[in-house]
1. If the Cβ limit is 9 Å and pairs must be 6+ apart or interchain, which residue in the stretch 149-176 that is of a type outside the set (S, T, N, Q) pairs with which residue that is open to solvent by 70 Å² or more (accessible area, probe 1.4 Å) and modelled with pLDDT of 75 or more?
2. Conditions first: (1) open to solvent by 40 Å² or more (accessible area, probe 1.4 Å); (2) part of a helix (DSSP H, G or I); (3) touching a residue at least 12 places away in the same chain (Cβ under 8 Å). Trp120 passes all but one, so which condition is the exception?
3. If the requirement is being within 30 Å of Pro87 (Cβ to Cβ), open to solvent by 60 Å² or more (accessible area, probe 1.4 Å) and in a helix (DSSP H, G or I), which of these qualifies: Leu167, Leu155, Leu100, Leu149?
Amino acid sequence: MTEPSDPTGVPQQPAEQPAVQQPADQPLQQPIVQQPVEPQVQQQFDQQAQQQFAQPVQQPMAQQPVHHPVPMAPHPYSTQFGVAPVPMNNNLGWAIAGILVCWPFGIPALIKALQVNSLWYQGLPDQAQLSANEAKKWGKVAVIVGASLLGLYILALVAYFVIMIALFGFAATQVD
């Protein structure tokens, strides 16, 4: 028996497949029925396959040495396997005091203090410690400069009132 074919030469499948008997203990499965492929689709598929396999094969490059990451020694802050270490002091208090007293120096302190936990949880404890030290440094600078400026301001106010009292106080006693 010959299979029917269309004018393009692609064989056609029969419309119905015979039913397949399934054993009683297995779930009912539908037989796979192959649908006929349109000739244009089949021709495009064949052309793509020919183009893909007709391309020249590129030769692999020479093997270069593989650089593996260097294993790191455990950090002194880590405690046990499976227990997350407690992050270090980020000196956020110095940063907040610096913002309140002298904001131009408090802003870098705040930025560095907020970087500490992020660096710690990224596994960069040395950089986190550097950021914590920078935050403390800028916080102390802000507090010292702010306290000095506040002291100078209070000293200037006291001097102003002393001079005013001295000028107006002598003028009031001379009139009597």
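The values are calculated or read from the model by the stated rules, or taken from the named source; none is laboratory data. The structure presented is a predicted model; accordingly, all values stated were derived computationally and were not measured. Note: ideal-geometry Cβ built from the backbone for every residue, glycine included; neighbour counts use all protein chains shown. These accessible areas exclude ligands, DNA and RNA; they are computed on the full protein's heavy atoms, side chains included. Shrake-Rupley method; radii C 1.70, N 1.55, O 1.52, S 1.80 Å.
1. Final answer for the pair search is Leu149/Val101; Leu150/Val101.
2. Just one mismatch for Trp120, condition (1).
3. Being within 30 Å of Pro87 (Cβ to Cβ), open to solvent by 60 Å² or more (accessible area, probe 1.4 Å) and in a helix (DSSP H, G or I) holds for just one of Leu167, Leu155, Leu100, Leu149, which is Leu100.
Each row is one residue, and each column tells you yes or no for (1) of a type in the set (Ser, Thr, Tyr); (2) farther than 17 Å from Gly98 by Cα; (3) touching a helix residue (DSSP H, G or I) at 6+ places or on another chain (Cβ under 6 Å).
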residue: Gln115; (1), (2), (3): no, no, yes
residue: Trp120; (1), (2), (3): no, yes, yes
residue: Leu124; (1), (2), (3): no, yes, no
residue: Gln129; (1), (2), (3): no, yes, no
residue: Lys137; (1), (2), (3): no, no, no
residue: Val141; (1), (2), (3): no, no, yes
residue: Ser148; (1), (2), (3): yes, no, no
residue: Leu155; (1), (2), (3): no, yes, no
